[in-house]
1. How big is the gap, in Å, between the Cα center of region 97-124 and the Cα center of region 155-215?
2. What angle, in degrees between 0 and 90 and rounded to the nearest 10, separates the Cα long axis of helix 283-301 from the longest principal axis of the Cα atoms of the chain?
3. Can you tell me the length gained on complete extension of the stretch residue 46 to residue 248, counting 0.36 nm per residue apart and subtracting the Cα distance?
4. Using only alpha carbon pairs under 8 Å that are at least six residues apart, calculate the relative contact order of region 143-283 and give it in whole percent.
5. What distance in nm lies between label points placed 7 Å from Cα along the C-beta direction at residue 24 and residue 60?
6. What does the extension gain come out to for residue 89 and residue 5, with contour length at 0.36 nm per residue minus their alpha carbon separation?
7. What is the angle, in °, between the Cα long axis of helix 45-60 and the longest principal axis of the Cα atoms in the chain? Nearest 10 is fine, range 0 to 90.
8. At what distance in nm do the modelled label points of residue 270 and residue 160 sit from each other, each positioned 7 Å from its Cα along Cα→Cβ?
Ligand code: NDP
């Protein structure tokens, strides 16, 4: 392996330790415990798992999580009323609405309603709008792209002047990641499903952020030697027995899967200068940055 491994688990733990220390300092100074409201509409198992992990992190770092499970058939009006109450609640510094929402709800209106000072996910149109404008800073940056940039900076990768390629243009990852890179003076190309000659475009990248949800699509020969690779993708691929039958977990009775990124790690690590693994790269950063944003929300609201 020639690439330097970017250890997201370790860096995320450092961020969490810093947040915990700052929270402890605030409590010792008599300031209130930072509070995060988690809003979960419906009973999607994956969403419930993500929310539980965020609540757990909050509690571990000395902050409080206030969980608001809401029924899948809640009306738009009822959800908006619940959010207005959270906006007004002084115990709550950050509001996280777990996405996706059930199809009958208007996600854009919901995100618009969250007070910009409590928008710790950074998805409100106001925060994203500020991110997109030159010379204006958002109060909060979306957690996964924030984590990607943090990993690059912590690893000493020079962003200014670099050719950066972002694979994917979603509102959650690709687009805000591209905006952040532009803000840090990279020259950025954003690719998507209609991009032509993708391998050729990727070969120009000093920095590659891959967020497409396509298992191991980026091959080693797409990578510019020495490039920094941030692999956001989390893809489950099935595992098989030697006879080709699906490998079944003894514990759960379900087919076993292996997690891989959007980049073929084995190939890319021989060419790249820096690379994140999957799992253990970007994944742990998302919650760490949410915790950082929640602390920052408390600091802003308490006038620090
Ligand atoms: P989306 O499905 O919302 O977006 C995927 C993007 O990739 C789209 O812009 C799409 O293009 C583009 N795309 C899809 N297929 C191709 C292709 N063959 N070639 C080029 N571009 C393509 O995904 P997300 O942004 O939500 O997530 C991306 C990945 O990151 C997923 O694997 C997800 O699990 C992971 N993820 C990880 C997180 C973490 O904490 N580590 C957090 C969030 C996501 P188009 O716009 O044209 O459709």
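Laboratory data are not the source of any read-out in this text; all were calculated from the coordinates shown. Quick caveat, the model's predicted, so the values are computed rather than measured. Note that we place each Cβ from the backbone using ideal geometry, even for glycine, and neighbour counts take in every protein chain shown.
1. 25
2. On a 0 to 90 degree scale, this one is about 30.
3. 70.7 nm
4. Details: 309 pairs, mean separation 32.1, N = 141.
This gives 23 percent for region 143-283.
5. My value for the distance between the label points is 1.6 nm.
6. 26.0 nm
7. Taking Cα atoms only, the helix is inclined about 70 degrees.
8. Once both label points are built, they end up 3.7 nm from each other.
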